[in-house]
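Written out below as structure tokens is the structure these notes cover.
Read-outs throughout are calculated quantities, based only on the coordinates presented, and are distinct from any laboratory measurement. Computed from a prediction, not measured in an experiment: that's the story for all the values here. Glycine also receives a Cβ, built like all others from the backbone with ideal geometry; neighbour counts cover every protein chain displayed.
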Amino acid sequence: MNLLEPLVMKKITILGTTGSGKTTFLEALFGNIEKNDVARRIFGEISSNLDFTPLKYNNFASSTTTISLNVVNSVIILTRFNKVLLRKYDKIETLDFESIDSAFQVIMNDLPGQDRFDFMQDIVIKGSDLVIIMADGTNISSLEKIVHYLEMVKMEEVRKNRNIPIIIFINKSDLRDKGVYLGRETAERIVFSLIVDRELVFYETTNLDANCYELPLTIIFNYLAMQAYS
């Protein structure tokens with residue numbers, strides 16, 4: 001396989017509340033990623049006069065809030081004997097390309113989780129080929145928000161007239177022993193009490209062990225590879 005040829009591009013959108021571990025999830029998979037932080041600055045006492053400026057250009061000592069929109073666009077997904085390899089472009093030269101079954105590029109969008117930034121989620125979810133929903137397994141509000149994200153996906157499916165695959169990660173399972181982890185069963189009860197027309201698979205995960213993502217990502221990326229080469 002010649003990786004110098006243009007690769008099929010797939011868009012992946014990651015949704016989740018603040019503290020669900022979206023950014024740490026990306027870093028667990030790919031190492032350090034470039035973050036695009038934005039500060040909301042308020043001038044004087046007029047709170048409606050807002051200027052959104054990248055933090056690196058911000059001369060103000062403090063801001064009222066921050067938005068983090070992280071985009072990882074230098075990653076290719078390789079499949080070999082049904083096993084998925086995730087590689088950044090700067091780490092692919094050591095692979096045996098002759099044994100690669102498929103390769104496609106992904107752009108991964110990690111969106112802010114606060115309710116007031118839902119407008120960004122509504123925009124970025126458009127055109128998604130896969131949606132990853134991450135929930136804080138220690139926070140009931142985060143689990144309840146899964147329903148909202150599923151409704152957003154449904155609206156995009158109707159708009160595009162096609163199905164969008166979804167993975168749901170119930171994160172922070174490492175806190176189970178501390179008695180604060182609500183887990184997959186709680187999430188399933190919440191979601192399936194309100195959504196009955198969709199098959200969904202929930203995975204319990206922890207960012208302390210990136211290997212826990214291997215099976216679900218292998219399954220879903222093999223599915224995307226089949227779509228890319230069909």
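Convex hull of alpha carbon positions in region 119-180: directionally averaged projected area 4.5 nm².
Amide H to amide H, with H built 1.01 Å from N, Thr138 comes under 5 Å of Leu182, counting only residues 5 or more places away or on other chains.
Amide H contacts under 5 Å for Asp101: Thr79, Arg80, Phe81, restricted to partners 5 or more places along the chain or on a different chain, H placed in the peptide plane at 1.01 Å from N.
Pairs Lys83/Lys172; Lys22/Lys126; Lys22/Lys145: which exceed 24 Å Cα-Cα? Over 24 Å apart, Cα to Cα: Lys83/Lys172. Ordering 217-228, 118-129 by mean Cβ neighbour count within 10 Å, with the highest value first, yields 217-228, 118-129. Highest-first packing order for the peptide set 142-154, 194-206 is 142-154, 194-206, based on the mean count of other beta carbon atoms within 10 Å.
Across region 142-151, computed HN-Hα scalar couplings (Karplus, 6.51 cos²θ - 1.76 cosθ + 1.60, θ = phi - 60°) run 5, 5, 5, 5, 4, 4, 4, 5, 5, 5 Hz from first to last residue, x flagging Gly and Pro.
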